[in-house]
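First comes the structure, then the notes that go with it.
Just so you know, all these numbers are worked out from the coordinates, no wet-lab data involved. Note that the coordinates shown come from a computational prediction; the quantities given were computed from them, not determined experimentally. Here the Cβ positions follow ideal geometry from the backbone for every residue, glycine too, while neighbour counts run over all protein chains shown.
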Amino acid sequence: MLAAVALLCVLAIVASIVVIRARAGAVAYTTVPVQTGSLAQTVTASGTVNPQNTIDVGTQVSGTISQIDADYNAHVKKGQVLARIDPTTFEEALQQTQATLAQSEAQAQASAATASGGPASIVAAQAQAAAAAASTRAAQQTAIANQAAVATAQTNVTKDQAALVLAQQTVARDTQLLAQGYIAQSQADTDQSSLVAAQTALAGARAAVAQAQAQASASVAQIATASATAQQQQAQASVTSATAANQDATQAAAVAAIAIQQAQVAQAQQNVQHTIITSPIDGTVIARDVSIGETVAASLQTPTLFAIAQDLTKMELDLAVGEPDIGHVTAGDPVTSSVLAYPNRTFTGVVEQVRQNPTTVNNVVTYTAVVIVTNKDGALLPGMTANATIQVAHVDNATIVPLTAFSYTPAAGTIAHTTRTAGATPWGATASTGSGAVTVGSTGRVFVDHNGTLTPVRVTIGIVADTEAAVTPVHGTLAAGDQIVVSDSRGASAHGAAASTSTRNLLSGTTTARNGPGR
């Protein structure tokens, strides 16, 4: 009996040792259930709250501020007076330009009266020049006629000389014949009378020649006188035309001077009007940079007197998005934000614009994403710092698994029998995702715990967030509630890979938000 009891004790001890060792050799798995729900990939960024449209109101003239009609937070209408600059200097300049304009107008009227007689003077001078030219032509015609009369008189002299010679010869012959008694005394007397008549005719012809020559000389002198008169009248006509042209030029200059003076008067009037500073839009005064008595100078650049926000019911968040994340942000992405003044309040909006102009500070490149936020109650004030979350991707009814499951490697012999496709990685090998980084569009594998037996499931990775990913099974199935192994009692896990992934997401500003069963 004692021997039997001792044997049973020994067997019990051995069985206990075997059971303890068996239990010590078993592997315990740490699992996370598969979730089904919505998964959102987001980008975090910070920026400044600004009005959508801010107008800086300046001045186009220099002077001393004499009146302030609007202050901080004042609601103003378009055209409402904001301030006034002392107009004394500009009013005096306006009066001076108006007086100069009146003087120019008087001078223009006088020159117009003078110039109005110019055309009549030109016509009269031209008529006198034409009359002188006609007199010259008449004198020339008279000279031609006198020259012809001289020629005719000289011809008559020649003819009368021939007649005288004939008469002298006849008288000489008659004397001889009378002495011989061949002719009668009467014939001799007749021939003697013809001789006297021929002498008289020759003398008359010579007198006619002298008279014709005198008349010809007189007509030549008359031509010279008429030509000189014509030249004088032509010169007078030219002088008259030049005088009229000068008068016209003076009139044109006077008219141009009037136009210049009118422009100067208009400019002076504008300067007087510019001493009254008005609001260009309906809005709210958010800044006033001048006070009464302050002198503003607009010589080099326009000084800013007021800043007016056009509409404070819609504010603009100018978010600085880092270079790694800007490729995911597009117009229309929903945004949630908060400000330090209201830490428990969330403001919503959408991305209006992604600006392409980069900003580099300490070698960090950021881009501005403009977000429009409704501000009906005026809680958001210009200049506030906003922390925003931009939803860049979203999926509903997604199969969600933890990122740590992708780098878990089970022990050999613990995997259920599967048929491996060509090119597939052995389940016992390491790093099924290639580089170890879980990225959108890549493939990986997870292990499902079925009562201590692991079943590998190959999946395509969709949205990747900080600690979770939306997946689609490629081989096998995944259902809500399936237990995904992330580590075991051997210490096999993916802490290093998960830490690497988490660090990458923190640097890029990417976070996740999920809603679904169990959350």
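As a summary of the residue check, Q273 satisfies the conditions (1) in contact (Cβ under 8 Å) with a residue 60 or more places away in the chain; (2) within 21 Å of G79 (Cβ to Cβ); (3) out of contact with any helix residue (DSSP H, G or I) (no Cβ under 8 Å at 6 or more places or on another chain) except for the one numbered (1). Scanning the range 344-382 for residues that are outside any strand (DSSP E or B), over 30 Å from the mean Cα position of the chain (by Cα) and closer than 21 Å to T284 by Cα gives N375, K376, D377, G378, A379, L380, L381. Out of S217, S227, S238, one residue alone is over 30 Å from A151 (Cβ atoms), surrounded by fewer than 18 Cβ atoms within 10 Å (Cβ to Cβ) and either over 60 Å from the mean Cα position of the chain (by Cα) or of a type in the set (S, T, Y) (or both). It is S238.
Selection of the range 359-376 for residues being touching a residue at least 24 places away in the same chain (Cβ under 8 Å) and out of contact with any helix residue (DSSP H, G or I) (no Cβ under 6 Å at 6 or more places or on another chain) yields T359, V364, T366, T368, A369, V370, V371, I372, V373, T374, N375, K376. Within the range 27-37, not a single residue is in contact with a His (Cβ under 9 Å, 6 or more places away or on another chain) and under 30 Å from V446 (Cβ atoms). Taking every residue in the range 144-171 that is within 23 Å of V196 (Cβ to Cβ) and in contact (Cβ under 8 Å) with a residue 12 or more places away in the chain and pairing it with any residue that is among the basic types (K, R) and in a helix (DSSP H, G or I), at least 6 positions away or on another chain, the pairs with Cβ-Cβ distances below 6 Å are V157/R206. Taking the criterion of being part of a strand (DSSP E or B) and crowded, with 17+ Cβ neighbours inside 10 Å, would at least one residue in the range 85-103 satisfy it? There is at least one residue in the range 85-103 that is part of a strand (DSSP E or B) and crowded, with 17+ Cβ neighbours inside 10 Å.
Given the condition without any contact (Cβ under 8 Å) to a residue 60 or more places away in the chain, outside any helix (DSSP H, G or I) and either more than 30 Å from A143 (Cα to Cα) or within 60 Å of the chain's Cα centre (by Cα) (or both), answer yes or no: does some residue in the range 183-203 qualify? The answer is yes; a qualifying residue exists. Across the range 278-310, what is the total count of residues that are among the polar types (S, T, N, Q) and in a loop (DSSP other than H, G, I, E, B)? Total meeting the criteria: 6. Selection of the range 345-358 for residues being free of Cβ contacts under 8 Å to residues at least 24 places away in the same chain and under 13 Å from V335 (Cα atoms) yields T346, V350, Q353.
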